[in-house]
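The structure appears below as structure tokens.
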Amino acid sequence: MENSSFGEATDKPIITNIQQLNNGGATSDTYKVFINEKWNFLKRPKKEFASHPHYLKAFEKEYEIGSSLKHPNIVNYIEKGVDNEGFYILTEYIDGGTLKDFVDENPDYFHNKKNLRKFIFQLLSALDYLHERQILHLDLKPDNILITRIGHDVKIVDLGFAYNDSHQYLTVGKSEKYAAPEQIENNNDIDQRADIYSLGILVLFAYTRTHNKQLIDKLPNPYKNCVKKCLEVDKENRFDSISSIRDYFSQKSRQKKILFSSITLLMLIILGLAVQLAIPKKATVLDISEMDAPHDIMQKVTTDTSLDYIKQQFGEPKEIDSYNDPKRFIYHWYFKNLKLSLREMCHNDLHPYSPPIEPDKMINAEITYELMGDADLIYDDIFSNFELSNLGKATIGDYIDKYFYKLEDGSIHYGGDKLYINVGRYRENTNSFKIFMNGSAPTNYQDYILCAEGWFLTDLDKSLQDKLIKSEGDVSILNRSERQQILDVVRKLKITSISSGSNLEEFYIY
């Protein structure tokens, strides 16, 4: 066999403190090492495997796959190399413990539905990221899921059994208690549904502290039925993708919101009838263009509110954009201090890969609130923790201060989720800045976009301006202080609009 290329790696690091850990695998030893004033995690083959070409190639594969990834819920691979002790892989050190250790020490933590929901959605985010890159983990188990000490966030580790298109034949091994039936049977026809099976076991373990499938009914709804579908023996009966699991939770959330809206609407109708009976008068047409929007309009109007309902509340839209497409419409209502827009699409255009459901049915895809004048409104999401007040006067910094903390390498953390200052597709002549938040930061069932106006380029150092232009917006070349400089300027931008929906595209500074 050919020798591994580990010997061609970077120069060996200078280690000033090393502590052996007891969580190494069957073929590896692991250490906590202090290098360049920070702790890292070092992993190397056990001595009996240190010269075995197959295991060295497996280590090479793990590093090659891991070093290409950057996700807040996947451990960050730093370097590979060889020193006097042999080959090693260096990753970031996670201050925390395994999922197994965490539930042993905190047996009731995941009985809180909010904590369980966060755990599930962080796993979904990480697996979706892997699967989009044609990578399967194939060894998801409690020992390979770390829970951070601060924030109790998920970190997936150990890509030793991972599969991708370039390393198909180096993917061996499994953990039978958590592996899908097709893995145990050594079936070559393995796809993303194997990880989905293991995801179901992990959720069951987090809640019950065991992998015993007889305890599935102890899980609360809607997680119980989700886990049951993940754990179908026949993979054809499981969820076929991570996005289909997200759709499942979105549907459950919509049903809950529709029920709440229906009850609220019924109460309003009863109240309205009582008022009409008490004070008979002729109805008048409301001209909202001379009115300020209700202070809590964003709480009352959601992406699941129908077009007819908004018409009943605020009259016919002032403008309708169709873009010459009979299956896509945007309706606009203008208040004195707010522009309300509803984007409506054909169901099958919004979800092209889902089974056809009423081909011509139009559904709401996005609500946008564009602040004008001296708006002073509140966004209060009654189904999660997301609330922004004083909209119309608030800045991006106000949002960051409320929901994010701990600057690290130019990123901002929300309990482990990162808001990356990303300057992709750089253009000098635009002045828009948009923040995209997925369903876990800080909401848990739909996406949000915050928009701000005011281009910040001229407020940056000339050297940083030139660097951004030359790199065409690739912020990976920026150092910590340069990212901090961008962040300091962005914090001052005033929020001008907020959008919410279940199918928003990811935005960036551009």
Select, from 63, 109, 88, 77, the only residue that is hydroxyl-bearing (Ser, Thr, Tyr), touching a helix residue (DSSP H, G or I) at 6+ places or on another chain (Cβ under 6 Å) and either crowded, with 18+ Cβ neighbours inside 10 Å or farther than 30 Å from residue 210 by Cα (or both).
77
Residue tally, condition free of Cβ contacts under 8 Å to residues at least 60 places away in the same chain, part of a strand (DSSP E or B) and within 17 Å of residue 122 (Cβ to Cβ), over segment 135-164:
2
As an exercise: evaluate residue 259 against (1) at pLDDT below 75; (2) surrounded by 17 or more Cβ atoms within 10 Å (Cβ to Cβ); (3) not hydroxyl-bearing (Ser, Thr, Tyr) and give the number of the one condition it does not meet.
(2)
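Okay, residues lined up against (1) under 18 Å from residue 161 (Cβ atoms); (2) among the small types (Gly, Ala, Ser); (3) touching a residue at least 24 places away in the same chain (Cβ under 8 Å); (4) assigned to a helix (DSSP H, G or I):
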{"residue": "16", "(1), (2), (3), (4)": "no, no, no, no"}
{"residue": "30", "(1), (2), (3), (4)": "yes, no, no, no"}
{"residue": "61", "(1), (2), (3), (4)": "yes, no, yes, yes"}
{"residue": "78", "(1), (2), (3), (4)": "no, no, yes, no"}
When only residues in segment 2-37 that are aliphatic (A, V, I, L, M) and touching a Ser or Thr at 6+ places or on another chain (Cβ under 8 Å) count, which is modelled with the highest pLDDT?
35
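The values are calculated or read from the model by the stated rules, or taken from the named source; none is laboratory data. Nothing here was measured: the structure is a model prediction, and the numbers come from that model. Ideal geometry is used to build each Cβ from the backbone, glycine not excepted, and the neighbour counts take in all protein chains shown.
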